[in-house]
């Protein structure tokens, strides 16, 4: 990889008709595959099947039912990067109201599965995504479930 300052990284834009930020919350993985097609060997994307896609990579999209029981079956080899988007646990109704659609018990089981394969995970990131969770309070409440489960000391003073 070549050297790139963080500011230069943030300012990269697409070169097609309407320039836009190259790396956004919804496209950074796919965009990394363009200049670095071998950067990922395999990817599992747990999405709401909302047209998320990546090119040139073997993708498996597990169902919501599989997510809290099968993670340890998928993550068996070392060097995984796990990105938890908290908005995965939320959905939007036809009136535009955003709400959590899985129980806290489901999330706890999901975390238990992650915990069972932590030895194979090199990096864990957590995206709070408050705009897709109905606000900071909802997102932070789920983040606190995660940090409590893994005994991590993390606080946002403005939300405590």
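Given (1) surrounded by 15 or more Cβ atoms within 10 Å (Cβ to Cβ); (2) within 21 Å of residue 132 (Cα to Cα); (3) at pLDDT below 75, identify the lone condition not met by residue 28.
Residue 28 satisfies every listed condition except (1).
Kindly establish whether residue 97 is in contact with a helix residue (DSSP H, G or I) (Cβ under 9 Å, 6 or more places away or on another chain) and over 28 Å from residue 31 (Cα atoms).
Spelling it out, it is not the case that residue 97 is in contact with a helix residue (DSSP H, G or I) (Cβ under 9 Å, 6 or more places away or on another chain) and over 28 Å from residue 31 (Cα atoms).
Would you check which residues across the range 114-130 are within 16 Å of the chain's Cα centre (by Cα), part of a helix (DSSP H, G or I) and touching a residue at least 40 places away in the same chain (Cβ under 8 Å) and list them?
Within the range 114-130, just 114 meets the criteria.
With (1) in a helix (DSSP H, G or I); (2) at pLDDT below 95; (3) exposed (fewer than 14 other Cβ atoms within 10 Å of the Cβ) as the list, and residue 148 as the residue in question, which single condition is left unmet?
If we test residue 148 against (1) in a helix (DSSP H, G or I); (2) at pLDDT below 95; (3) exposed (fewer than 14 other Cβ atoms within 10 Å of the Cβ), just (2) comes out false.
Suppose the filter is surrounded by fewer than 10 Cβ atoms within 10 Å (Cβ to Cβ), at pLDDT 70 or above and over 29 Å from residue 134 (Cα atoms); does residue 95 pass it?
no
Going by what's in this entry, would residue 134 be described as more than 13 Å from the chain's Cα centre (by Cα), farther than 21 Å from residue 66 by Cα, outside any helix (DSSP H, G or I) and touching a residue at least 40 places away in the same chain (Cβ under 8 Å)?
yes
Checking the conditions here, which among 42, 4, 118 is over 27 Å from residue 131 (Cα atoms), surrounded by fewer than 15 Cβ atoms within 10 Å (Cβ to Cβ) and modelled with pLDDT of 90 or more?
Exactly one of 42, 4, 118 is over 27 Å from residue 131 (Cα atoms), surrounded by fewer than 15 Cβ atoms within 10 Å (Cβ to Cβ) and modelled with pLDDT of 90 or more, namely 118.
List the residue pairs whose Cβ atoms are under 6 Å apart, where the first residue sits in the range 80-106 and is on the phi < 0 side of the Ramachandran plot, the second is part of a strand (DSSP E or B) and loosely packed, with under 13 Cβ neighbours inside 10 Å, and the two are 6 or more positions apart or on different chains.
81/123; 83/125
The values are calculated or read from the model by the stated rules, or taken from the named source; none is laboratory data. None of the values given here were measured: they were computed from a predicted structure. Positions of Cβ are generated from backbone atoms using ideal geometry, with glycine treated the same way; all protein chains shown enter the neighbour counts.
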